[in-house]
Each structure stands twice: as C-alpha cells, then as structure tokens.
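Following: one structure in structure tokens, then a few remarks.
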Amino acid sequence: MAEDASSRPSDAAGIEPVLEAKGLSQGQIVRKRFLGHSGAIAGLVVFAAIFIMAFTSVGYLGIPGWWKYSHTEVSPLVNDGAPTSSLWPLAWGEHPFGQDRIGRDLFAMTMRGAQQSITIMIVIGLIAGLIGVVVGAISGYFRGWAEAVLMRLTDVIIIIPALLLAAVMAQLAGRRDQGSWFASFASTNGVLALGIFLGLISWVALARLMRGEFLSLREREFVDAARISGASNARIIFKHILPNAVGVLIVNVTLTMSAAILTETALSYLGVGVKAPDTSLGLLISQNQQAFATRPWLFWYPGLFIVLICLSINFIGDGLRDAFDPRQKKFNAKKATEQGTTAGQAGAVTALGAPAPEAPHDGPADGTQGK
C-alpha cells in the first residue's frame, strides 16, 4: 500500500524534497535555485545597475563615458551647488547630485568613487579567495607538517593590524624619489596596489574556515570511496571535497568583498587609501566632512552607494550559497501550514466517521466449519 503523503517527514515539515530537480543537470539546478531567491535577484539587479552606470558614465581606462563632466572638472555653481534632480516633477538637471564648494560635479565624483570601490572589491575577493582556499585545503586535507606551517603563518598574519600595514604601504608608495619598483608601481596603480595589498592580508579567516570544512569532509564515505578507486589527491580536493564546501567559500568571499569596501572607505577617510587627484567613496566623505551642516548632499550619495554595494553583494552571496550548497533545503512555511491543516482534517474525519474494522475470522459467518 502506498505511503500517505502526510506521513512523509520532509513534506510535513514544508521542506521541498531534493528530488524535485530530478532529471536536471547541475548547472540547471544551480540556476533554478538562484533564480528562485528573490533577495539575490534584487541584489544582482542593483549591483548590475551600479556597475554599468559607474563604468560607462565617466569612462574607464581611457575610454570616454556618456556623462559630460569628469571627476576633476570644475564648472560654475548651479543652484548654489544643490542637487538639480527632483522626483516631482521628474527632472535630472545639470548636476543631479549637486556640486562641491569649488564646482566639481558630485555625480561624476561618485561614479569614479564607485569604480574604485568595485575594483578594489573584486581584486581583494579574487586574491583572498584563491589564497584562502589553497591554504585551507592543503592544511585540512594533508594535516601534519603542512598544517602546522600554514596555520602558524596564518596566526602571524592575523595579529598584524591591517590599518598599520596600509599606512606603511602608503608611506612607501609616496616616496617616489627613491625610484624603487614598489613606489613606482604604487604611484601609478594606486587602486590596484591597495587591492593587492589588502587581498594578501584578508585571506586568513577564510583559510581557517576552509580548513575546518576539509577536516570534516575528508572523513566522509564518498572521499574514502574516491581514494579506494584510485583518485589522486588533487582530484579528491577539487572534484569531491571542494564542491561540498562551496557554500562556506561563497558566503565568506562575499563577506570579504563587502568588508573590503568598508576597509577602503576607512583607509581613504584616514588619508592612507586612495589619494587626490583621484577619488573614492571614502575620500569623498573625508574631504567634505566640514560641510556636513551646510551641504549634506555631499554625504548622502557616496554613503548611499557604499550601503547599496555592500548589501547587494551580501544578498548575491546568500543566493549563491543556497544555490551551490547541496545541503541547503528550502523551507516553505505556507506549504507546511496547508499540509498540517490537511492532515488534521483527515485525522478528524477518520476518528468521527470511519467504520470500525471487522474482527478477523477463519471460518464462515454461520459458524460451520469450511471443508
């Protein structure tokens, strides 16, 4: 007899079974789960809009943009520097975000600052993610002397203040008269140098987490089966263990990327990050802190873009974690409530109106013995 639907624990709890994706490839399953995450889709739309607007409006790498002002161009004050945009009536105006005290367009400066923040975020995410995965995988899978050496290196790096190292790097980068390769590279590629530096010291937390995941997963049965079948260590790490740790990896890489924007903002605010004549979102807030009472819009837009970029990256990471991690199951509260109500009604009907079961008997109803 078929099992009643209300008796299955996964359905009764409102958890969608994994078998709903039966017949789909791994890529289709990931895409279906990600597109079903409303927060991730909203974050992706917001981040894509900011990315496109920032890198096309004021140009990038010598390619001109569609906005008529640059972040260094000075023009006469319009509307006393206040924003010319409005919601009703809907208008964009000459300077939609306003102007600073000397007449520079705040929209162009904010877009340039968003470019810098996104560039630093991507560089830090790639470097920290790569180093963290490699260090965590090697130390967690091989154990022994490799784990001891790598974890002691992690302990040394994790206790060094990032702001202090950034200040030293900025001081060395400013000594252009020395003619060193580091000073030359940092002076001509300030944002890239800052991103590389922060990426080289931002991997320690991810390495510790990946080590813990590998320590747990290396003892699982599917790893033993792969090892018995003759798979190499590299294949076991990248084809069997890493896909099961991808949830932890994605979440922490996205958190590192969003924290990188805040770190860059803090460094630029303290004067050891991006420096003039270039600009960043943190530098905009630092340069205009004296005008907070008289020109508050100089803080609104850079701060708004910092918040939007950080939130969108976190939402995207949460959606990717749910899509890639095979251990994630989606809880549907509405489905659980409906199934609980249906099961309760079925139980009540059975208790009130169902006929009593007949007693078992071996012979005919008249009591005679069958032949």
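With q set to 0.30 Å⁻¹, the log10 of I(q)/I(0) for the range 214-262, from the Debye formula over equal scatterers at the Cα positions, is -1.07.
Quick check on packing: order 131-137, 297-303 by the mean number of other C-beta atoms within 10 Å, highest mean leading. Intermediate values should be presented prior to the final figure.
Working: 131-137: 22.1, 297-303: 19.7.
Top of the packing list down: 131-137, 297-303.
Roll a 1.4 Å probe over the protein chains and send me the accessible area per residue for the range 55-114 in Å². Walk me through the intermediate numbers first.
Details: 3280 Å² over 60 residues.
I get 55 Å² per residue for the range 55-114.
Per-residue SASA remark: Phe197, around 40 Å² accessible (1.4 Å probe; ligands, DNA and RNA not included). How much of the accessible area of the range 64-150, in percent, comes from carbon and sulfur atoms when a 1.4 Å probe is used? Solvent-exposed carbon and sulfur of the range 64-150 make up 70 percent of the total. Extension gain for the segment Ala146 to Val168, taken as residue separation times 0.36 nm less the Cα-Cα distance, is 4.9 nm to one decimal.
Estimated at the nearest 10 Å², the accessible area of Asp155 is 50 Å² with a 1.4 Å probe. Candidates Ile250, Leu311, Ala276 compared by Cα position along the dipole of the range 205-313: farthest toward the positive end lies Ile250, with charges placed on Cβ.
Of the GluC sites (Glu not before Pro) found in the range 205-241, those that fall in a DSSP loop while having at most 11 other beta-carbon atoms within 10 Å are Glu219. Solvent exposure of Met53, expressed as accessible area, is near 60 Å², computed with a probe of 1.4 Å over the protein chains only. Computed with a 1.4 Å probe over protein heavy atoms only, the accessible surface of the range 261-317 comes to 43 Å² per residue.
The values are calculated or read from the model by the stated rules, or taken from the named source; none is laboratory data. Keep in mind that what you see is a predicted model, and the values were worked out from it rather than measured. For neighbour counting, all protein chains shown are included, and Cβ atoms are generated from backbone atoms with ideal geometry for every residue, glycine included. To get the accessible areas, we keep the full protein, side chains included, count just its heavy atoms, and leave off ligands, DNA and RNA. Shrake-Rupley method; radii C 1.70, N 1.55, O 1.52, S 1.80 Å.
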